[in-house]
Amino acid sequence: MKLKSYRIVKKEFAHTNKLGEGAKLYGGRWNTAGSSVIYSAESLSLANLEILSAAKISRFKQNFVFIIFEFNVKEVYEFPRKKLPTNWDKFPCGIETQLIGDKWLNDETSLVLKIPSSLVNIEHNYLINPKHPAFKNLKISQPIHSEINERFLAK
């Protein structure tokens, strides 16, 4: 069975060779700086929430696109909720979640890691390991133009 996930990025960062570079430069909830990983969401709506929570409103005057990733369910490891650190969903994130993601990346446990979203914790994000051997099997769509609704930009 195939699954899909979604990522919203600025148009200039939509090329496959640039995916995961922002996480590598700055780190994120599930990785430390220096570890390349692609953050994606199980729905386009959740991808919108994730980008809105992470970016300054002024950035939304720029051109965004969304990308669809398609992968086999057999390539997914779902991190057990009972093993999540106590404050896994707090802001700012702690090193505990970053170390979980780094270990998963380094061990190459799977192409995709399914973890709960810290914004809507009954929904999920999918982390994609660009260094995993199965990355070549990942289907990546062409970038599709995406506009952030003006209601999100209102003060």
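Quick note: the coordinates plus some simple rules give every number you see, no bench work behind them. Since we're looking at a predicted model, the values are computed, not measured. Methodologically, a virtual Cβ is constructed for each residue, glycine included, from the backbone with ideal geometry; neighbour enumeration extends over all protein chains shown.
Observations, loosely collected:
- Only Cα pairs under 8 Å and 6+ residues apart enter the sum, and on that basis the relative contact order of the chain stands at 32 percent.
- Each 5 Å bin, from zero up to the one with the longest distance, holds this percent of the alpha carbon pairs of the range 74-152: 3, 13, 20, 20, 16, 14, 10, 3, 0.
- Its Cα gyration tensor gives the chain an equivalent ellipsoid. The semi-axes, each the square root of 5 times an eigenvalue, are 23, 19, 15 Å from largest down.
- Packing-based exposure ordering (other Cβ within 10 Å, fewest first) of Ile8, Ile68: Ile68, Ile8
- Rounded to the nearest 20, the Cβ-based charge dipole of the chain about its Cα centre (Lys and Arg +1, Asp and Glu -1) stands at 200 debye.
- The stretch between Lys131 and Lys83, if pulled fully straight at 0.36 nm per residue, gains 14.8 nm over its current Cα-Cα span.
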